[in-house]
Amino acid sequence: MIAAQRRGLIAAQRIALRYPAMFADLAVDTAARADSHTPGRYHTLLPHHWDFLLPSGGVVMTCALRAAAAELADPALRFASATTIFCTPIKHGPLVSDVVVLRRGGSAAQVRVALHDASGEPGLEVLATFLRERKGPDVRGVPLPRVRSLADALSVDNASRSSPHVLLRFHQQLEYRIADGARFGHDGEAAGPPRYARWVRYRTPQRDAHGRLDRLALMPLIDMMPAALHRAIGPGSYRFHAPSLDLTTYVIDDTSREWLLCAITSRRARAGWAISDVDVWDDEGRYLAHGAQAMFIRGVAGEPPVIDASGR
């Protein structure tokens with residue numbers, strides 16, 4: 001059964017690479033429709049295009065934020081930050097978001113969103129801030145990391161049947177180049193520093209009404225932080241999953257570029273959980289966003305190692 005599923009996914013990917021129009025559109029798949037009977041309630045029909053084992057937490061977070069933006073109904077209020085608590089695993093299919101506007105001022109609005117799937121169990125809770133642009137200082141405080149440029153970055157291995165880029169539907173919607181790190185499963189893969197960086201872009205471009213990258217399309221890209229911990233541990237018998245406990249994001253600037261650099265650092269793993277963060281840039285060196293995440297570490301094979309990767 002598993003082999004048949006893998007063959008089906010590989011065939012689907014090959015078709016998709018040939019016919020780009022078949023790639024999923026995040027904006028369509030996460031669209032929020034107002035409930036005609038319940039104020040503040042919105043419905044989303046999330047397909048399985050964005051699944052890892054279950055839907056990406058970042059994608060589900062985007063669903064909730066679409067509902068928040070729809071409730072505010074003010075394009076001048078731009079998404080700025082959000083913190084999400086993941087309560088229970090969420091399945092694709094019909095989702096319901098209940099939005100409460102906590103504050104609506106002249107310059108900022110703050111909202112709370114509770115989202116659940118068809119089970120009715122609490123799925124996630126989001127607290128989000130939307131801001132109007134105002135006059136203020138323009139300070140650049142973080143340099144672009146020293147990683148491979150987009151032109152020099154490594155392509156991922158889409159030929160290997162064990163590659164996550166083949167097996168997982170979510171990865172099939174994106175194009176990657178490795179900026180810092182090695183290809184998955186290759187002979188050259190080795191334990192390294194607790195950092196990983198990838199260039200990434202959507203195969204179906206995500207734009208807002210002004211032609212800029214849709215800010216709400218950043219959450220699925222930010223919610224991919226376990227790669228840095230994988231690199232620190234390196235190849236071997238130990239394997240793990242890392243479902244999200246919480247995810248915080250900040251978006252500070254806009255871009256019209258498609259390729260983004262996500263530079264991840266794994267800060268610490270201990271006692272069955274870990275924390276990581278990520279900085280996001282465009283391919284012209286513009287700093288766009290920051291994310292931080294706490295995650296469960298669920299071992300699926302081998303014994304968890306004890307590693308000091310801080311000096312690598």
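The values are calculated or read from the model by the stated rules, or taken from the named source; none is laboratory data. All values reported here derive from a predicted model rather than from experimental measurement. When we count neighbours, we look across all protein chains shown, and the Cβ atoms used for this are built from the backbone with ideal geometry, even at glycine.
Kindly indicate which of Leu247, Leu260 is touching a helix residue (DSSP H, G or I) at 6+ places or on another chain (Cβ under 9 Å), within 21 Å of Pro55 (Cα to Cα) and touching a residue at least 12 places away in the same chain (Cβ under 8 Å). Testing whether each residue is touching a helix residue (DSSP H, G or I) at 6+ places or on another chain (Cβ under 9 Å), within 21 Å of Pro55 (Cα to Cα) and touching a residue at least 12 places away in the same chain (Cβ under 8 Å) leaves just Leu247.
Of the strands (runs of 3 or more DSSP E) lying entirely inside region 188-287, those containing at least 1 residues that are modelled with pLDDT under 95, closer than 18 Å to His171 by Cβ and over 12 Å from the mean Cα position of the chain (by Cα) span 239-241. Taken together, Thr84, Thr62 contain a single residue that is in contact with a Gly (Cβ under 9 Å, 6 or more places away or on another chain) and under 14 Å from Pro220 (Cα atoms), which is Thr84. If only residues of region 74-88 that are hydrophobic (A, V, I, L, M, F, W, C) and touching a strand residue (DSSP E or B) at 6+ places or on another chain (Cβ under 7 Å) are counted, the one that is nearest to Arg215 (Cα to Cα) is Phe79. Within region 18-35, the residues that satisfy the criterion of being assigned to a helix (DSSP H, G or I) and either farther than 20 Å from Thr249 by Cβ or in contact with a Cys (Cβ under 6 Å, 6 or more places away or on another chain) (or both) are Arg18, Pro20, Ala21, Met22, Val28. Put simply, of Thr62, Thr83 the only residue that is touching a helix residue (DSSP H, G or I) at 6+ places or on another chain (Cβ under 9 Å) and surrounded by 14 or more Cβ atoms within 10 Å (Cβ to Cβ) is Thr62.
Selection of region 92-111 for residues being under 23 Å from the mean Cα position of the chain (by Cα) and either at pLDDT below 95 or surrounded by fewer than 16 Cβ atoms within 10 Å (Cβ to Cβ) (or both) yields Gly93, Pro94.
Is region 122-144 home to any residue that is on the phi < 0 side of the Ramachandran plot, of a type in the set (Ser, Thr, Tyr) and modelled with pLDDT under 95? No, region 122-144 has no match at all. Scanning region 36-56 for residues that are within 14 Å of Leu168 (Cβ to Cβ) and part of a strand (DSSP E or B) yields a count of 2. Consider region 112-153 and keep the residues that are surrounded by 14 or more Cβ atoms within 10 Å (Cβ to Cβ) and among the β-branched types (Val, Ile, Thr). The one that is nearest to Ala67 (Cα to Cα) is Val113.
Here Leu218 clears all of (1) over 19 Å from Glu284 (Cα atoms); (2) buried (at least 22 other Cβ atoms within 10 Å of the Cβ) except the condition numbered (1). Is one or more of the residues making up region 236-253 over 27 Å from Pro143 (Cβ atoms), surrounded by 18 or more Cβ atoms within 10 Å (Cβ to Cβ) and hydrophobic (A, V, I, L, M, F, W, C)? Yes, region 236-253 contains at least one residue that is over 27 Å from Pro143 (Cβ atoms), surrounded by 18 or more Cβ atoms within 10 Å (Cβ to Cβ) and hydrophobic (A, V, I, L, M, F, W, C).
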